[in-house]
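*Asks:* The structure is given below, and queries will be raised subsequently.
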Amino acid sequence: MATPAESVPLTTDNPLVIAGTSYHSRLLVGTGKYKDNEETRQAIEASGAQIITVAIRRSNIGQNPDEPNLLDVIPVDKYTLLPNTAGCYTVEDAVRTCRLARELLDGHKLVKLEVLGDEKTLFPDVTATIEAAEILVKDGFDVMVYTNDDPLIAKRLDDIGCAAVMPLAAPIGSGLGIRNPYNILTIIENANVPILVDAGVGTASDAAIAMELGCDGILMNTAIAAAKNPVLMASAMKKATEAGREAYLAGRMPKKRFASASSPVDGLFF
Amino acid sequence: MNITVNGENRSLDPEASLGQLLEMLGLNGKRIAVEVNRDIVPRSDYEHFKLSENDTIEIVNAIGGG
């Protein structure tokens, strides 16, 4: 009886290295918009993500004393937390939020910087983003910075000393997929630090496309949390991220306009 | 004395410490960060940090977000 071929690893990929720490997962996930903490926990587990974003907000001061704590389901000894500056529209608010996050997480230096410019699109205010990134890098933070898909701005942020540059695929929460793959490709080609697509991914194929372009990783939240079955989508995103990465490493075949037979023409008997 | 905590007015005994306020709010030992008048107060200073009339206090924690 035939035995199935043993599964052997085909290639050993390098880990994703951010600010000197290695991660085997190239999928980073957020914790917003879930039904409850249990669903958040299950989705994170299914995604295989090791870096998890959180937001910093006012604590409950007695209005709801039994409110569950998010950090109970994402323990700081198991995951790398990535506090974000979501909701910040000024340099001052973003820097202040990062400093509070550092105190909250006992000196933790890794932050996700986003300085927003407009409520309708949630596009980044890139000049404010650059200014905030300069302040935070000087202050010793490891800054993963959300930005537009503009190669020149991405390079500036790289040169400032950000730990990772994270261009959007499409507006935050839009699920529109990668709207400008050639810009993302240019950003990747110019980069000295990891490039992660952050925001705009809608479904698994979008994640695969981002990774096939050569992104070092992907950060997403709504694509998982707003799926009908978030835990299943988290699993799909894990596989798509891995599949896209493998396809990138494998090197795709060239595209041709016309057909090329897969079976040999020699030896035809008719 | 009167202080503002997370945008709400609260009354406290004069000379109360930040640690006492946090205990009153049930936040002792919770993973939070605190600013008094925009300056971060390290966790190790809570007990000894004396609050003053009209102080503005922000207490934050981590919640779900992308």
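*Asks:* Need at least 2 residues that are out of contact with any Cys (no Cβ under 8 Å at 6 or more places or on another chain) per element, so show me which strands (runs of 3 or more DSSP E) inside region A:120-223 make the cut, counting only ones lying wholly within it.
*Replies:* A:142-147, A:164-167, A:217-220
*Asks:* Can you find a residue that is modelled with pLDDT under 95, surrounded by fewer than 17 Cβ atoms within 10 Å (Cβ to Cβ) and either over 28 Å from A:Asn69 (Cβ atoms) or not small (Gly, Ala, Ser) (or both) anywhere in region A:108-116?
*Replies:* No.
*Asks:* Just wondering, is there one or more residues in region B:48-62 that are in a loop (DSSP other than H, G, I, E, B), surrounded by fewer than 18 Cβ atoms within 10 Å (Cβ to Cβ) and within 12 Å of chain A (Cβ to nearest Cβ)?
*Replies:* no
*Asks:* So for region B:1-16 (the condition being within 10 Å of the chain's Cα centre (by Cα) and at positive phi), does at least one residue qualify?
*Replies:* For region B:1-16, residues within 10 Å of the chain's Cα centre (by Cα) and at positive phi: present.
*Asks:* While we're looking at this one, here's another question. For region A:24-39, what are the residues that are open to solvent by less than 60 Å² (accessible area, probe 1.4 Å), touching a residue at least 60 places away in the same chain (Cβ under 8 Å) and farther than 21 Å from A:Ile209 by Cβ?
*Replies:* Passing the criteria: A:Thr31, A:Gly32, A:Tyr34, A:Glu39.
*Asks:* Just a yes or no: is a residue in region B:31-42 in a helix (DSSP H, G or I) and within 8 Å of chain A (Cβ to nearest Cβ)?
*Replies:* no
*Asks:* Find the residue count for region B:8-35, including only residues that are open to solvent by 10 Å² or more (accessible area, probe 1.4 Å) and over 15 Å from B:Asn61 (Cβ atoms).
*Replies:* Adding up the residues that qualify gives 11.
*Asks:* State the number of residues belonging to region A:70-91 that are surrounded by 14 or more Cβ atoms within 10 Å (Cβ to Cβ) and either within 27 Å of B:Arg10 (Cβ to Cβ) or more than 9 Å from chain B (Cβ to nearest Cβ) (or both).
*Replies:* Of the residues in region A:70-91, 13 are surrounded by 14 or more Cβ atoms within 10 Å (Cβ to Cβ) and either within 27 Å of B:Arg10 (Cβ to Cβ) or more than 9 Å from chain B (Cβ to nearest Cβ) (or both).
The values are calculated or read from the model by the stated rules, or taken from the named source; none is laboratory data. These figures come from a predicted structure and were not determined experimentally. No Cβ is skipped: glycine too gets one built from the backbone with ideal geometry, and neighbour counts run over all protein chains shown. Calculation scope for accessible area: heavy atoms of the full protein, side chains included, ligands and nucleic acids excluded. Shrake-Rupley method; radii C 1.70, N 1.55, O 1.52, S 1.80 Å.
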